[in-house]
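The values are calculated or read from the model by the stated rules, or taken from the named source; none is laboratory data. Not measured: the values here are computed from a predicted model. As a convention, Cβ positions derive from the backbone with ideal geometry for all residues, glycine included, and neighbour counts pool all protein chains shown.
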Amino acid sequence: MGNLIRFPLERSGKNNITKEYGNNLTILLKDAVHLAEISAGEEVNGIFRMKIDFQNLLNKKIMEFFLKNNLCGASDLFKCSLYVSKIVSDNVVQKFKSYYAVDFLEEGMRKGNPWTFKQGADLCFILCAFFNSRKNWREMKENDYAEMGRRFYLLFYNGTKKEIGWHMSKRYKEMVMVTRYCIKGL
């Protein structure tokens, strides 16, 4: 077996993803390969039965994409994929407080709550990844939502020092494109 590769963290701070993986790309790669290899389900009597939940299914598709396209050199992409799978899965079953991104900006500024910026960033991400038709709604362009989402994640990072905010702000557009691609395959 190969050597353990350790990468320095780009920013300090911990979150749930970092607690589990830290800067250990070796563990991330092993998990990516494991996810890519497991079966999502099986067909029994003409009916397809899922073996994994939606969050893991999306994460499996994203990891397969990374492995297929040799994008395995950056731990931040893996952390972002875990985060994206979680927010997409979470928002399939629950609603946002508002579907206007600017509402999250106003509330976050008024209350000084950086977690509100994360909610706004998540909304922008969902809109960019899944609702292309909304890109010209209310004079907003797709790049406007992408830029707002990226900046929301940066505001979230600045207020909390949660590493995922930094990574998502830097990899926002890439993760939107990868998520769009992977959702088509579901």
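So here's what we get for this one:
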{"read-out": "Matching option when the condition is modelled with pLDDT of 90 or more, charged (D, E, K, R) and under 18 Å from the mean Cα position of the chain (by Cα), among Asp90, Asp122", "value": "Asp122"}
{"read-out": "Where Leu155 falls short, out of the listed (1) of a type outside the set (S, T, N, Q); (2) crowded, with 18+ Cβ neighbours inside 10 Å; (3) closer than 29 Å to Lys60 by Cβ", "value": "(3)"}
{"read-out": "Residues of region 67-86 classified as free of Cβ contacts under 8 Å to residues at least 60 places away in the same chain and either surrounded by 22 or more Cβ atoms within 10 Å (Cβ to Cβ) or touching a strand residue (DSSP E or B) at 6+ places or on another chain (Cβ under 6 Å) (or both), total", "value": "2"}
{"read-out": "Answer from Tyr145, Tyr157, Tyr153 - the residue that is under 20 Å from Arg180 (Cα atoms), in a helix (DSSP H, G or I), at pLDDT 95 or above and of a type in the set (Phe, Trp, Tyr)", "value": "Tyr153"}
